[in-house]
Each structure stands twice: as structure tokens, then as C-alpha cells.
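The values are calculated or read from the model by the stated rules, or taken from the named source; none is laboratory data. Note that the structure is a prediction, hence the values are computed from the model and not measured. Backbone-built Cβ (ideal geometry, glycine too); neighbour counts: all protein chains shown. What goes into the accessible areas is simple: the full protein's heavy atoms, side chains included, and nothing from ligands, DNA or RNA. Shrake-Rupley method; radii C 1.70, N 1.55, O 1.52, S 1.80 Å.
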Amino acid sequence: MNYYFAPMEGLTDSIYRLQHHRFFGGVNRYYMPFFSPTIHRTLTSKETRELPRADSVPFTVVPQVMTKCAEDFLWAAEVVRDLGYNEINLNIGCPSGTVVAKGKGSGMLRDLEELTKFFDSIFAVSSLPVTVKTRIGLESPEEFPAVLELYNRYPIKELTIHPRVRKQFYEGQVHLEWFTYAMQHSAIPLCFNGDIRTLSDVSVLQEEYPGLNAVMIGRGLIADPGMLVGGTDIGTLESFLNALMDDYAVEFASCRNALFRMKENWAYLHDRFTGSDKLWKKMRKTTDAAEFRRLSAELLHTCPMK
């Protein structure tokens, strides 16, 4: 079983990935939050920072691209290849309203004829193997057989399936019956993504799908960053969070901006601690970095971990 860290915008940036690998690890591949190429054919300063040379980091990272334009995708693949990466991931899963309105992310599932043309173009000349992250449909799970049949026509290296439709966003039950359908009918190696909170969840998936190639974990690993290496102990977690805060303060040239980024992490972390609501409320409200550090330490050392 391979373990992938899901791309999460505003959370799993280059700083987070580096410090997670340093303090915890256990991840076979870290997937970058997507970047969207444009007609200008240039990377922004943020994209340049988030796309270091592949050999400059001591772990495997996979760039993710979100676009509905084949020419833009192919340009991105060339850039990624020149930076030393050996794979590029296409985002057909993002459920954001603004993204879908532009026909990107899971919005690409609205018109399978256009998606077919897109795939025809990129697979004819792509300079890198392509993996795909997808939803099972836009409005209804019953869309999935046609979606999978389309994917099966192309040499996709690996297909990560989040078995929800776009309109669910991240709420409601995942449709495991349709992932079962994928395991039975996919010609592509599969990765499962969605609502994996613990290693017990992974064990259930392995038992149900012994041929499963990989799992991709996002919110579960943010909440329990040591999940894949025997659990998250308080000392390591505190050192990890302090290192993140320090690095963000340097990167953003602002302790205040670093604090906002740390609140994104704590939005998932605090739920793992019994009786943390009052301290978390204070952490959310404060705009003082020193007070935020103090409150974080108090929460870690006074609220029992679930």
C-alpha cells in the first residue's frame, strides 16, 4: 500500500511538506496544491517558490495542474519535466464554485465530449506520465460509469478517486459502492481518497479492496500528522508546529501572516483534543503571535489527545 498526502490549498505548501517529512514522514508521495497555467506561459513568484527543482527536496513530490486548456497543460508538463519531476497530476476533482464555473476541476465532468478532446490532445504529446484526481460525477453518482469508461481509453498512470459528486463538496457519505464499481471495471491502477481519518480506516479499505494500489489522505493527516508512523506524540507535534510558525514568519516576513496560516492547521488539529473549544476560540480571535504560541502550548499540554 502506498500512502499519499493530498494537496490542500493553504495547508500543504512547500514549508509544510518539508517539516512534515522532517518530523513525521511515512508518506510515499506528497501532492502539491494545484497551479493554473495561463496564456502568459510564466510562473508567478508563488508558483516558482512552490515548484522547486525535484532533486532539491529529500522526498517525492508530485506537481498538480488545474486547467481545461490542453495547450496550457502541455506547457505546464514541459516546465515540470525541466524541473526534474517524472509525473504530473491533473485535477478533475476540485468542487469550488468559482473553479467549476470556469469549467475546470470537477467542472470538466460536465461535458465528457470536451474532456475527450482534452485527453486526445494531451496524451498525444505529453512529455510526462499523467495521473488524474477525480470526482465520480458533477451532480449524480450515476454519471460515473461513463466517466470511468472515458478514463479507461487513455494511458493514465494512476487514477485517484474521491467517491463523491461535486455538489457534495466534502459533506455527506462517500459512495463506496461506486468505488467498488471502479475496482471491478477500471483498467487503471487506483488510489482511494476521501474521509480517511485513522489507520483503522485504511485497514478497512485494504480488507475490502485487497488490490488497491494506494490511499490519499488529506484532512486526516493534517489532524494527525504522525498517523503513518505510529501516532502523533505531543512533544514532536509541538516541535513541528513551532518549526512551521518560525518558517512561515520568515517566508511571509510577518508573524501576523504566519499566525493566519497556523490557524488553518489548528482548524483541523484542535478537534483531536478533548475540551479544547475554549482555548481554540481564543486562538482564533488573537492577532498576537506570541499569545497564539502561548495558547497553543497550553492546549497541547492541558487538553488530552483523543
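Considering only residues in segment 1-28 that are in a loop (DSSP other than H, G, I, E, B) and either charged (D, E, K, R) or in contact with a Cys (Cβ under 8 Å, 6 or more places away or on another chain) (or both), the one that is surrounded by the most Cβ atoms within 10 Å (Cβ to Cβ) turns out to be D13. Among the residues of segment 115-129, is there at least one that is outside any loop (DSSP other than H, G, I, E, B) and within 19 Å of the chain's Cα centre (by Cα)? No: segment 115-129 contains no residue that is outside any loop (DSSP other than H, G, I, E, B) and within 19 Å of the chain's Cα centre (by Cα). Which residue is farthest from F59 (Cα to Cα), if the candidates are limited to segment 74-94 and must be in contact with a Pro (Cβ under 6 Å, 6 or more places away or on another chain) and assigned to a helix (DSSP H, G or I)? Ranking the candidates gives W75 first. Residue under question is N213, and the condition is that it be within 16 Å of R29 (Cβ to Cβ), open to solvent by less than 70 Å² (accessible area, probe 1.4 Å) and at pLDDT below 95; does it hold? Taking the combined requirement at face value, the residue satisfies it. Checking every residue in segment 203-210 against the condition of being out of contact with any Phe, Trp or Tyr (no Cβ under 6 Å at 6 or more places or on another chain), surrounded by 21 or more Cβ atoms within 10 Å (Cβ to Cβ) and either of a type in the set (A, V, I, L, M, F, W, C) or under 24 Å from Q168 (Cα atoms) (or both) gives zero matches. Residues that are touching a strand residue (DSSP E or B) at 6+ places or on another chain (Cβ under 6 Å) and β-branched (V, I, T) were ranked within segment 170-201; the one that is farthest from R219 (Cα to Cα) is I188.
So which pairs qualify, if the first residue must be in segment 163-192 and farther than 13 Å from G211 by Cα, the second must be surrounded by fewer than 22 Cβ atoms within 10 Å (Cβ to Cβ) and hydroxyl-bearing (S, T, Y), the Cβ gap must be under 8 Å, and the two must be at least 6 apart or on different chains? Once the first residue is farther than 13 Å from G211 by Cα and sits in segment 163-192, its partners that are surrounded by fewer than 22 Cβ atoms within 10 Å (Cβ to Cβ) and hydroxyl-bearing (S, T, Y) give R164/Y170; V165/S140. Among the residues examined, E238 qualifies as in contact (Cβ under 8 Å) with a residue 12 or more places away in the chain, surrounded by fewer than 20 Cβ atoms within 10 Å (Cβ to Cβ) and part of a helix (DSSP H, G or I). Taking the conditions (1) open to solvent by less than 20 Å² (accessible area, probe 1.4 Å); (2) in a loop (DSSP other than H, G, I, E, B) in turn, H162 satisfies each one other than (2).
When residues in segment 130-159 are screened for being open to solvent by less than 10 Å² (accessible area, probe 1.4 Å), farther than 17 Å from Y181 by Cβ and either in contact (Cβ under 8 Å) with a residue 60 or more places away in the chain or in a helix (DSSP H, G or I) (or both), 1 of them pass. Which ones in segment 259-282 are over 25 Å from the mean Cα position of the chain (by Cα) and either assigned to a helix (DSSP H, G or I) or surrounded by fewer than 14 Cβ atoms within 10 Å (Cβ to Cβ) (or both)? Scanning segment 259-282 gives T274, G275, D277, K278, L279, K281, K282. I'd like the full set of residues that are part of a helix (DSSP H, G or I) and hydroxyl-bearing (S, T, Y), limited to segment 283-303. Of everything in segment 283-303, those that are part of a helix (DSSP H, G or I) and hydroxyl-bearing (S, T, Y) turn out to be S296, T302.
When restricted to residues that are outside any loop (DSSP other than H, G, I, E, B), surrounded by 16 or more Cβ atoms within 10 Å (Cβ to Cβ) and of a type in the set (S, T, N, Q), segment 182-202 contains 1.
If you scan segment 29-43, which residues turn out to be open to solvent by 70 Å² or more (accessible area, probe 1.4 Å) and not aliphatic (A, V, I, L, M)?
The answer is H40, R41, T42.
One residue alone among Y170, Y209 is farther than 22 Å from V61 by Cα, in contact with a Ser or Thr (Cβ under 9 Å, 6 or more places away or on another chain) and aromatic (F, W, Y), and that residue is Y209. The set of residues from segment 54-111 being open to solvent by less than 10 Å² (accessible area, probe 1.4 Å), polar (S, T, N, Q) and under 15 Å from S126 (Cα atoms) comprises Q64, T67, N89.
Is it true that E87 is farther than 24 Å from I217 by Cα and charged (D, E, K, R)? Spell out the reasoning first.
Details: farther than 24 Å from I217 by Cα: no; charged (D, E, K, R): yes.
Answer is no for this residue.
Cβ separations smaller than 7 Å between residues 6+ apart or across chains give the following pairs from segment 246-271 residues that are within 16 Å of D288 (Cα to Cα) and free of Cβ contacts under 8 Å to residues at least 60 places away in the same chain to residues that are assigned to a helix (DSSP H, G or I) and open to solvent by 30 Å² or more (accessible area, probe 1.4 Å): A249/C255; K263/R284.
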